[in-house]
1. Quick check on my filter: what residues within the range 185-209 are more than 15 Å from the chain's Cα centre (by Cα) and among the charged types (D, E, K, R)?
2. Can you confirm whether Ser66 is part of a loop (DSSP other than H, G, I, E, B) and touching a residue at least 40 places away in the same chain (Cβ under 8 Å)?
3. Check the range 37-45 and report whether any residue there is modelled with pLDDT of 95 or more, more than 26 Å from Glu126 (Cα to Cα) and hydroxyl-bearing (Ser, Thr, Tyr).
4. Just give me the residues in the range 9-49 being in contact with a helix residue (DSSP H, G or I) (Cβ under 8 Å, 6 or more places away or on another chain), surrounded by fewer than 21 Cβ atoms within 10 Å (Cβ to Cβ), of a type in the set (Val, Ile, Thr) and touching a residue at least 12 places away in the same chain (Cβ under 8 Å), in sequence order.
5. Would you confirm, using the coordinates I've provided, whether Gly174 is surrounded by fewer than 21 Cβ atoms within 10 Å (Cβ to Cβ) and out of contact with any Cys (no Cβ under 6 Å at 6 or more places or on another chain)?
6. Exactly one condition in (1) at pLDDT 95 or above; (2) in contact with a strand residue (DSSP E or B) (Cβ under 8 Å, 6 or more places away or on another chain); (3) not hydroxyl-bearing (Ser, Thr, Tyr) is not met by Val128; state its number.
Amino acid sequence: TVPGTAGIMTPPPGYLAGVREICDRYGIVFVLDEVMAGFGRTGAWFAADHFDVVPDLLTFAKGVNSGYVPLGGVAINAEIAATFETRPYPGGLTYSGHPLACAAAVATIGVMEDEKIVEHAARIGETVLGPGLRELAERHPSVGEVRGLGAFWALELVRDRETREPLVPYNASGEAAAPMAAFGAAAKKQGLWPFINMNRTHAVPACNVSEAEAKEGLAALDVALSVADTYTVQGA
């Protein structure tokens, strides 16, 4: 729904509704991957909730039990489920239906409901992370784009804002990757361990991150982006 490692790319308005309509028109099963985006990460139980679409199959994992015990699953619609009323499902894994993993999921979902963690992730994204990251983008020429929802954000770092030339080339290594390496080192020096993928860095704190912790992370990111700025056309 919102790809994670590929760049936290939030679909534009109407896109997923259009995909749903095409699938319905041609009898195609509509599958959404919520492994990273599901269970509160985007400020909704599932990222699909933001776009008012219902898939036929929905994959999930990770957030369903906070990763305490490995667990993944697939939610299926009533029509597909009905096909297995008269025939067995032709699949299975060694750990299918593992009681410990499922118990951890039940407990996790209960805590998320009791502590309103999904609502908290939505609020922290709307009032702290989103505004804070956009404010950093206004001040730092190395930030080409900010995108995300809830507690799920990415920054594209660029060498030139006008052309959107990435701060480092695709799949860069060695000296070519030096700008992102310098950015990462500066972040770590501030106590922030960044996720870096080519010319991107992600801001994906725990869904129950406090406002103070989020602001502390933004302050560290501010310092690290100042280092990235020195590699831009403006800072060269």
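The values are calculated or read from the model by the stated rules, or taken from the named source; none is laboratory data. Treat the numbers as computed from the prediction; the structure is a model and nothing was measured. Backbone-built Cβ (ideal geometry, glycine too); neighbour counts: all protein chains shown.
1. Matches in the range 185-209: Lys188, Lys189.
2. On the way: part of a loop (DSSP other than H, G, I, E, B): yes; touching a residue at least 40 places away in the same chain (Cβ under 8 Å): yes.
The answer is yes for Ser66.
3. Within the range 37-45, none of the residues are modelled with pLDDT of 95 or more, more than 26 Å from Glu126 (Cα to Cα) and hydroxyl-bearing (Ser, Thr, Tyr).
4. Matches in the range 9-49: Val29, Val35.
5. Numbers: surrounded by fewer than 21 Cβ atoms within 10 Å (Cβ to Cβ): yes; out of contact with any Cys (no Cβ under 6 Å at 6 or more places or on another chain): yes.
Criteria met by Gly174.
6. Single failed check for Val128: (2).
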